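Reviewing the structure listed below.
The values are calculated or read from the model by the stated rules, or taken from the named source; none is laboratory data. Quick caveat: nothing in here was measured; it's all calculated off a predicted structure. Glycine also receives a Cβ, built like all others from the backbone with ideal geometry; neighbour counts cover every protein chain displayed. Protein only, heavy atoms only, side chains kept; ligands, DNA and RNA dropped before computing areas. Shrake-Rupley method; radii C 1.70, N 1.55, O 1.52, S 1.80 Å.
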Amino acid sequence: MTPDGVSIAYTDHGGDGPDLLLAHATGFCAGVWRPMVAALQERFRVVSFDERGHGSSAPAPDGVYAWEGFATDALAVIDATGLDHPYGVGHSCGGALLLLAEMRRPGLFSAIWAFEPIVFPVEGPVAPTPNRNRLADGARKRRAAFASREEARANYSSKPPLMWLDPRVLDGYIDCGLRDLPDGTVTLACEPEHEARTYEMGGSHGAYGRLDEVTCPVSLVCGETTDALGPSLLPLLAARLAHSTVDVWMGHGHFGCLVDPERTVASVLAAFNRA
């Protein structure tokens, strides 16, 4: 339970070695990390969680999806599981929330690996943009209900962007990203309106102007063909971080870390070996 009363679902996967926390992207859930967990457990004690409004976690109070709330979720999980100076791995919103959590508790993380953390290189918070955000518009149009998980899998595996995911990642999303209804059908665990509001708040956290507060090593990774935080923008973030590297994955887009789990694990291990 977070200080603002949100029940957060998490899984302590166990494993040998230092602690490691996994944070997913907007609209997803902890299950997408499934193939990475199996490999990372050989080197770390791994914990994953569903952010508020996602997976099995409760929605945000009053429907407000300010990204500081996602950082609060991470801190609550760290406290509940007793993670000690953990490493952090995050994708998109997940990368941003790890940086925000580190700002709240300086020295919290041993190191952070972030695939395209949504930290827009603008000074100060950006006001939310209701009804003027293409990602939010797309989320509101998203199909929410399916007759079964099998129907959902067939739908997602036939069109981008989920068709690009490693099948094991997609299976993890099908398992935790859908909620069973009493009539036997399934619906999105992250309601389209909640996802839309999350996108609309994506620039309001103002983390770019505070990146100098993050003193742990940060590995910034992006896809060459991304339409999000790519090769031209990540160096701007890196310049404000005390200890950072930038790695561009050729031929990949914003979902690169979910498309190639083996490369993700290798990149994470290399980054944390350097830290």
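For the chain, a Gaussian network of Cα nodes joined below 10 Å ranks ASP62, ASP180, ASP137 by mean-square fluctuation, and the top entry is ASP62.
A full extension of the chain between SER7 and ARG143 corresponds to an added length of 46.4 nm, given 0.36 nm per residue minus the alpha carbon distance.
On the accessible surface of the chain, probed at 1.4 Å, how many percent belong to carbon and sulfur atoms?
Values: 5890 of 11060 Å².
About 53 percent, which is the carbon plus sulfur part of the accessible surface.
Report the net charge of residues surrounding ARG140, where surrounding means a beta-carbon distance below 12 angstrom and charges are Lys +1, Arg +1, Asp -1, Glu -1.
Working: positive: ARG134, LYS141, ARG142, ARG143, ARG197; negative: ASP137, GLU191, GLU193, GLU195, GLU200.
Residues near ARG140 contribute 0 overall.
Taking all protein chains as they are arranged and a probe of 1.4 Å, the heavy atoms of ARG105 leave approximately 90 Å² accessible to solvent. With the charge dipole of the chain set up from +1 on Lys and Arg Cβ and -1 on Asp and Glu Cβ about the Cα centre, the Cα lying farthest toward the positive end among the listed residues THR2, ALA145, PHE272 is that of ALA145. On a per residue basis, the chain carries 40 Å² of accessible surface, using protein heavy atoms and a 1.4 Å probe.
Taking each pair of distinct Cα atoms in region 70-136 once, what is the resulting Kirkwood hydrodynamic radius in Å? It would help to have the intermediate numbers written out before the result.
Numbers: mean 1/r = 0.0765 Å⁻¹.
In region 70-136 this quantity evaluates to 13.1 Å.
Over all other residues within a Cβ to Cβ distance under 15 Å of MET1, the charged ones net out to -4, with Lys and Arg as +1 and Asp and Glu as -1. Taking every alpha-carbon pair under 8 Å whose residues sit at least 6 apart, the chain reaches a relative contact order of 22 percent. Neighbours of HIS54, meaning other residues whose beta-carbon lies under 10 angstrom from its beta-carbon, give a summed charge of -4 when Lys and Arg score +1 and Asp and Glu score -1.
In this structure the amide hydrogen of ARG45, modeled in the peptide plane, comes within under 5 Å of the amide hydrogens of GLY17, ASP19, LEU20, none closer than 5 places in sequence on its chain.
Comparing ALA101, ALA228, ALA80 in a Gaussian network model of the chain, where Cα atoms under 10 Å apart are tied by springs, the biggest mean-square fluctuation is seen for ALA80. Which value, in debye to the nearest 20, gives the size of the charge dipole of region 86-199 about its Cα centre, when Lys and Arg are +1 and Asp and Glu are -1 at the Cβ? It comes to approximately 260 debye.
Dimensions of region 83-220 from C-alpha coordinates, computed as largest minus smallest value along each principal axis and given longest first, are 49, 36, 28 Å. Placing +1 on the Cβ of every Lys and Arg and -1 on the Cβ of every Asp and Glu, with no other charges, gives region 133-275 a dipole of roughly 200 debye about its Cα centre.
Only Lys, Arg, Asp and Glu carry charge here, each on its Cβ (+1 for the first two, -1 for the last two); on that basis the chain has a dipole of about 440 debye about its Cα centre.
Accessible surface for PHE120 stands near 90 Å², nearest 10, in the context of the full protein assembly shown (1.4 Å probe). Could you work out the percent of alpha carbon pairs in the chain separated by over 25 Å, rounded to a whole number? So the pairs more than 25 Å apart make up 40 percent of the total in the chain.
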